[in-house]
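**Student:** First, the structure itself, so that you have it in front of you.
All of the numbers you see were taken from the coordinates with simple rules; none came from a lab. Since the model is a prediction, treat every value here as computed from it, not as a measurement. Quick reminder, even Gly has a Cβ in these numbers, built from the backbone with ideal geometry, and neighbours come from all protein chains shown.
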Ligand SMILES: Nc1ncnc2c1ncn2[C@@H]1O[C@H](COP(=O)(O)OP(=O)(O)OP(=O)(O)O)[C@@H](O)[C@H]1O
Ligand SMILES: [Mg+2]
């Protein structure tokens with residue numbers, strides 16, 4: 001190899017390597033810029049889209065628990081245990097950064113004591129779109145799952161709805177009304193969604209840490225007999241309802257629900273202790289029903305006279321024997337009764353004129 005070769009060959013090699021490196025850098029730069037742009041584009045698209053339709057963002061999901069507490073205090077009569085339990089449970093769940101488990105509450109009580117009423121308030125407090133939010137899922141045991149023989153089919157459908165829903169938004173809420181009318185065994189398929197870390201992995205953030213922000217609420221009349229019995233016993237001993245506390249009812253309700261026919265009957269959901277709070281809705285006394293009546297009149301722009309309240313009250317039955325302390329339908333159908341009375345009075349005044 002002569003001198004020219006000794007100099008030229010390494011030079012050629014070095015320049016080829018440099019050219020390759022330069023090409024690589026340019027390619028990386030172009031790809032980087034493009035992906036940066038597409039990321040930016042996607043971000044902008046997402047932001048734009050969320051201005052016009054609901055997204056799983058803080059703008060649409062922003063629980064105002066102070067307001068919820070205020071609403072419960074002002075509008076829900078005679079349910080101090082339910083109010084405190086629900087508010088504390090929601091605060092605890094929401095303020096835990098990486099909650100390892102979905103919050104699961106089960107509301108129990110006689111008809112018309114406020115179970116659905118409270119669910120409506122919770123939905124409004126959590127979602128900008130309230131019960132209309134696509135992240136609020138409501139099922140009715142009687143209407144959505146009417147047939148015992150179709151339980152396996154229902155399980156599949158429900159599984160899909162819940163897992164898709166949670167993938168779309170981990171802050172989804174699932175409410176199951178009239179659980180006592182559901183086929184036995186259906187609720188068992190929920191256990192993986194309700195239990196510790198066994199299902200959900202944050203999809204939005206891509207974090208590998210498991211967390212579960214979802215909320216599940218069950219509503220039913222199971223356990224009502226036990227609630228009424230316990231409260232009556234207390235009344236007979238001279239105590240009043242303000243002296244009762246959650247601990248007095250939780251076991252009673254769980255045992256009652258587990259052994260009564262319906263969705264909770266011998267259910268894994270109860271046996272595996274995935275329900276965090278059994279919330280008693282106490283039967284309403286006359287004093288509470290009177291408040292419901294007064295409110296219903298006021299909402300219709302009428303300042304009720306005593307005879308109007310008494311007339312509305314006469315439509316309600318109180319039980320159980322012998323003390324007849326509680327309204328059998330709570331505050332249910334009161335609005336309809338009041339509406340009829342107000343309408344009649346108005347038409348009477350018109351005819352007199
Ligand atoms: N504790 C309460 N305080 C004030 N209003 C109440 C209360 N309970 C019920 N109401 C009124 O009665 C209506 C019916 O109550 P709601 O539908 O919540 O009963 P429920 O407990 O779900 O009964 P059910 O077991 O029959 O489904 C409510 O919309 C509300 O206006
Ligand atoms: Mg109800």
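**Student:** Calculate, in nm to one decimal, what residue 300 and residue 161 gain on full extension: separation in residues at 0.36 nm each, minus their alpha carbon distance.
**Tutor:** Contour length minus the Cα-Cα distance gives 46.1 nm.
**Student:** Moving on. Please arrange 85, 232, 349 by counting, for each residue, the other beta carbons lying within 10 Å of its beta carbon, fewest first.
**Tutor:** Going from sparsest to densest Cβ surroundings: 349, 232, 85.
**Student:** Just to verify a number: FRET efficiency for residue 351 and residue 138, C-beta to C-beta distance, R0 = 51 Å, to 0.05?
**Tutor:** 0.70
**Student:** If I stretch the segment between residue 152 and residue 51 completely, what's the gain in nm (0.36 nm per residue apart, minus their alpha carbon distance), one decimal?
**Tutor:** 32.4 nm
**Student:** What list do you get for 137, 315 if you sort them by fewest beta carbons within 10 Å?
**Tutor:** Ranking 137, 315 by Cβ neighbours within 10 Å, fewest first, gives 315, 137.
**Student:** Determine, for 275, 227, the number of other Cβ atoms within 10 Å of each Cβ, and report the residues in order from fewest to most.
**Tutor:** 275, 227
**Student:** Report relative contact order for segment 284-352 in percent, whole number only (criteria: Cα-Cα under 8 Å, sequence separation at least 6).
**Tutor:** Details: 59 pairs, mean separation 26.3, N = 69.
Across segment 284-352, relative contact order equals 38 percent.
**Student:** A further question on this structure: Expressed in nm to one decimal, what extension gain is obtained for the pair residue 328 and residue 268 from 0.36 nm per residue of sequence separation less their Cα-Cα distance?
**Tutor:** So the extension gain works out to 18.5 nm.
**Student:** Using r as the Cβ-Cβ distance of residue 307 and residue 339, and R0 as 30 Å, what FRET efficiency do you calculate, to the nearest 0.05?
**Tutor:** E(calc), rounded to 0.05, equals 0.95.
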